[in-house]
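> First the structure, then my questions, so here it is.
All of the numbers you see were taken from the coordinates with simple rules; none came from a lab. In this text the structure is predicted, and so the values were computed from the model without any measurement.
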Amino acid sequence: MNRLLRQSALPVMLAACLLLAACNDDSCYDNGSSLPLASLYMGKTQQVIPQLTVKGIGAPGDSLLADATTVSEIYLPLRASVNTTSFAFSHPLNDEIVVSDTLTIGYQPIAFFHSKECGAMYNFNIESIDYTQHGIDSVVVVTPLVTNALVPSLRIYFTDFNL
């Protein structure tokens, strides 16, 4: 009886190992969407920007991405149905002055079938950047092809008004 139990357990364990090996979580990245990650800078170093508010302009539904939050990075979702998306950035300099800017990203959406497990998604090829320069000093495209890899696509340099 004990021998019969060992003989039947071996094929069950082998089948379980094969099934677990067939389930592969490594085929998809942790980030399921292709969103450009913007790193925020002041000078040459990445900085936290205090009380930053970021909103999508003309976006359907709730477009508030940051609400007076202290952040050093922010995801800026792009819409696959259009070729440009704009964002409003604002942060207070003091109790009386709030600096506001608009950032517009021009891009080409690219339909992409990743795999059976991950399905289809859009990647975006950034083609242009336009921005006002009230609080934003400059914007650099670090990685023009936005995929779901967890890497910064943009560096937004803010003016350091404390100099």
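> Non-local amide H neighbours of I129 (under 5 Å, H modeled in plane, Pro and chain starts lacking H): which ones?
For I129, whose amide H was placed from the backbone, the distant partners under 5 Å are G106.
> How much length, in nm to one decimal, is gained on full extension between D130 and D160, taken as 0.36 nm per residue of separation minus their Cα-Cα distance?
Full extension from D130 to D160 adds 8.8 nm.
> Would the stretch 28-158 count as rounded, prolate or oblate if I go by the C-alpha gyration tensor, calling it rounded below 1.5 in a/c and otherwise prolate when a/b exceeds b/c, oblate otherwise?
It is prolate, given that a/c is not under 1.5 and a/b is the larger ratio.
> Based on the alpha-carbon gyration tensor of the stretch 95-163, what equivalent-ellipsoid semi-axes (square roots of 5 times the eigenvalues) come out, in whole Å, largest first?
33, 12, 11
> Can you give the convex hull volume of the alpha carbon atoms of the stretch 115-155 per residue, in Å³?
Roughly 84 Å³ of hull volume per residue.
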